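Below you'll find the structure, written out as structure tokens, and then a few comments.
Quick note: the coordinates plus some simple rules give every number you see, no bench work behind them. For clarity, every value in this text was computed on a predicted model and none was experimentally measured. Here the Cβ positions follow ideal geometry from the backbone for every residue, glycine too, while neighbour counts run over all protein chains shown.
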Amino acid sequence: MEENPENGTVTFKKDELTTYGVLYYDGNEMMCAITGYDLNIAFNMRLINSIADAESCANALADVFYEALMEQLIEQKADFIKPNLEDKPILNKEE
């Protein structure tokens, strides 16, 4: 069986691990981490020509991560979606 060069084995050194993250408010734990070897974040600087372009790009990336977070939250902690039927509503329907 001939090995496909696209599926070859690649090795990395431990110090080549890239990590980006968001610290929790107290500064002790990561709320989110993006880690990996050969992690590449490439901005198309040909298209980003102003602060407004950069903000638009950053906001779009935030939306991507928000969607990924919500999917994982629903998948792993869906019980927060279901209301507790024993809790009384804050507003009555008569009001």
Relative contact order of the range 1-89, defined on C-alpha pairs under 8 angstrom at six or more residues apart (%): 15 percent
Folded to 0 to 90 degrees: helix 51-76 orientation relative to the chain principal axis, Cα: 70 degrees
Calculated percent of Cα pairs over 17 Å apart (choose from (1) 76; (2) 59; (3) 63), label: (1)
Gyration tensor (alpha-carbon) shape descriptor, the range 1-56, a/c threshold 1.5: oblate
Under the Karplus curve 6.51 cos²θ - 1.76 cosθ + 1.60, θ = phi - 60°, whole-Hz ³J(HN,Hα) for the range 12-18, x wherever Gly or Pro sits: 10, 7, 4, 6, 8, 5, 9
Cβ-placed point charges (K, R +1; D, E -1), dipole of the chain about Cα centre in debye, nearest 20: 180 debye
